[in-house]
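The values are calculated or read from the model by the stated rules, or taken from the named source; none is laboratory data. Since we're looking at a predicted model, the values are computed, not measured. Ideal geometry is used to build each Cβ from the backbone, glycine not excepted, and the neighbour counts take in all protein chains shown.
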Amino acid sequence: MEIEVIQGNIVDVEADVIVNAANRTLLGGGGVDGVIHAAAGPKLLDECLELRKSKFVSGLPTGQVAVTKAYNLKSKHIFHTVGPVKGKDDLSLLKDCYVNCLRKAEELGAESIAFPAISTGAYKVPVEYSAKLVREILKNYTPNLKVKLVLYSYADKSIYDEVFREK
Ligand code: AR6
């Protein structure tokens, strides 16, 4: 496993799997979700609509993962996962998002995966909490993957850098 902390736009990152910080409707939204749908193109929404009719009739539960093609993105797959909302959901579900994505990526034979800081935007989870949790997950579970952690702002990247420097 190799871990890389990157500042940038997740749709510009090269990885077999790009993770989307979605919501349970799977029908798009703002933040990462909006950027991924815009970059992947309208066929992504069509596939998401199909998933809502077949596998996730009442929506994608928090912590679970839905796999789609990546369409206009260079990646092989997009993994849609719904993080917990601070003050509403159990924040331990954030671990499920990461672990379920890592397991699914290995299962599909991916070599690399790019994560945004799930739940740290509209869902209000502090970036430091996210960084510490992701560090713990990757300490205890070593996937056979290259893991790219993508932060949108330099401030968030420095929080991740600091946490990942700690032992
Ligand atoms: N690339 C990388 N990171 C980004 C980008 C980007 N292009 N844009 C924002 N971020 P959010 P959530 C960072 O709100 O908190 C949507 O409307 C952002 O600064 O995208 O899980 C969905 O449809 C923040 O640190 O996801 C849901 O309704 C992190 O990505 C809801 O928001 C996550 O912010 C999900 O909220």
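For segment 108-162, a residue qualifies if it is of a type in the set (S, T, N, Q), within 16 Å of the ligand (Cβ to nearest atom) and either assigned to a helix (DSSP H, G or I) or more than 20 Å from Glu14 (Cα to Cα) (or both), and the qualifying residues are Ser119, Thr120, Ser130, Ser158. When Ala105 is tested against (1) under 17 Å from Ile36 (Cα atoms); (2) away from the ligand (no atom under 12 Å from the Cβ); (3) in contact with a Phe, Trp or Tyr (Cβ under 8 Å, 6 or more places away or on another chain), exactly one condition is not met: (1).
Would you check if there is a residue in segment 90-108 being among the hydroxyl-bearing types (Ser, Thr, Tyr), surrounded by fewer than 19 Cβ atoms within 10 Å (Cβ to Cβ), at pLDDT 95 or above and at positive phi?
At the first step, the residues of segment 90-108 found to be among the hydroxyl-bearing types (Ser, Thr, Tyr) are 92, 98.
So of that shortlist, the ones also surrounded by fewer than 19 Cβ atoms within 10 Å (Cβ to Cβ) come out as 92.
Subset that is at pLDDT 95 or above: 92.
Next, only the ones that are at positive phi stay: none.
No, there is no match, as no residue in segment 90-108 is among the hydroxyl-bearing types (Ser, Thr, Tyr), surrounded by fewer than 19 Cβ atoms within 10 Å (Cβ to Cβ), at pLDDT 95 or above and at positive phi.
Does Val11 meet the test of being hydrophobic (A, V, I, L, M, F, W, C), in contact (Cβ under 8 Å) with a residue 40 or more places away in the chain and in a helix (DSSP H, G or I)? Yes; evaluated as a whole, the condition is true for this residue.
When the test is whether a residue is part of a strand (DSSP E or B) and not β-branched (Val, Ile, Thr), Asn72 does not pass it.
The residue list Arg24, Arg52 contains one member that is away from the ligand (no atom under 12 Å from the Cβ) and among the basic types (Lys, Arg), which is Arg52. Pairing each residue of segment 34-57 that is in a helix (DSSP H, G or I) with any residue that is modelled with pLDDT under 95, provided the two are 6+ apart or on different chains, yields no C-beta distance under 9 Å. Considering segment 27-49, and only residues there that are among the acidic types (Asp, Glu) and surrounded by 15 or more Cβ atoms within 10 Å (Cβ to Cβ), the residue that is farthest from the ligand (Cβ to nearest atom) turns out to be Glu47.
Which residue pairs have Cβ atoms closer than 9 Å, lie 6 or more positions apart in sequence or on different chains, and pair a first residue in segment 112-123 that is at positive phi and touching a residue at least 40 places away in the same chain (Cβ under 8 Å) with a second residue that is more than 6 Å from the ligand (Cβ to nearest atom) and small (Gly, Ala, Ser)? Partner pairs satisfying both residue conditions: Ser119/Ser130.
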